[in-house]
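Worksheet: one structure, shown below.
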Amino acid sequence: MAFLILVIGDLHIPDRALDIPAKFKKLLAPGKIGQTLCLGNLTDKTTYEYLRTMAPDLKIVKGRMDVDATSLPLTQVVTHGSVRIGFLEGFTLVSNEPDLLLAEANRLDVDVLCWGGTHKFECFEYMDKFFVNPGSATGAFSTNWASEDDEVVPSFCLMDVQGISLTLYVYQLRKDENGTENVAVEKVTYTKPVEPTGAP
């Protein structure tokens, strides 16, 4: 069985959203996830307890709305296989430009950098590093990165790391033409570059 890593953030319960969508909760059953990386803005104890039931190994970083959580670190790094994964909420970054994210990945000495704060899913490979923003699991509106016209699509990610390869599963709650919400899943793969061995 694969060791799955849940990457989730920007929950903002109850101030901007009531709960994690029921269709997501159905997918996030206890026993399937080995570790959770929470990218901040976990603003209520009930949701914290819920995340702990999914995976006892819960790693959290401080988000801009986690004002009472003074003991939380701003960044953390975990290692799975040969892949180092760093994560942060993103409020400490001036912007989410690729060069700035690359500098943060290099500062943390990681292969994969997960950041939040924008409430919008995004992933890309840049300069041999992989960057993932899981978006907002609740679809909470971002007061810092979005305009009033932007629709926030609820999303979260699962990672499966095998050696130097990472498979990212992106779950998004999308509305069809009739307004019915359905979970769409995308798969993205990243392979860490291997340094050549042998003669110079």
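The values are calculated or read from the model by the stated rules, or taken from the named source; none is laboratory data. Remember, it's a predicted structure, so these values are computed and weren't measured experimentally. We place every Cβ from the backbone using ideal geometry, glycine too, and count neighbours over all the protein chains shown. Areas reflect the complete protein model, heavy atoms only, side chains present, ligands, DNA and RNA absent. Shrake-Rupley method; radii C 1.70, N 1.55, O 1.52, S 1.80 Å.
A compact table of results
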item: Positions within the stretch 102-134 being of a type in the set (Gly, Ala, Ser) and within 16 Å of the chain's Cα centre (by Cα), in sequence order; result: 105, 116, 117
item: Residue match in the stretch 96-107 (condition: buried (at least 21 other Cβ atoms within 10 Å of the Cβ), modelled with pLDDT of 95 or more and of a type outside the set (A, V, I, L, M)); result: no
item: Strands (runs of 3 or more DSSP E) within the stretch 8-83 that include 3 or more residues out of contact with any helix residue (DSSP H, G or I) (no Cβ under 8 Å at 6 or more places or on another chain) and at pLDDT 80 or above; result: 33-38, 75-80
item: Selection count where residues are touching a residue at least 24 places away in the same chain (Cβ under 8 Å) and outside any helix (DSSP H, G or I), scope the stretch 94-108; result: 1
item: Matching residues in the stretch 158-186 - criterion: being over 20 Å from residue 27 (Cβ atoms) and in contact (Cβ under 8 Å) with a residue 12 or more places away in the chain; result: 162, 163, 164, 165
item: Pair list, Cβ under 9 Å, 6 or more apart: the stretch 65-76 residue under 17 Å from residue 44 (Cβ atoms), other residue open to solvent by 80 Å² or more (accessible area, probe 1.4 Å) and at pLDDT below 75; result: 65/15
item: Entirely in the stretch 109-161, the strands (runs of 3 or more DSSP E) that have 1 or more residues that are at pLDDT 95 or above and buried (at least 24 other Cβ atoms within 10 Å of the Cβ); result: 112-115, 129-134
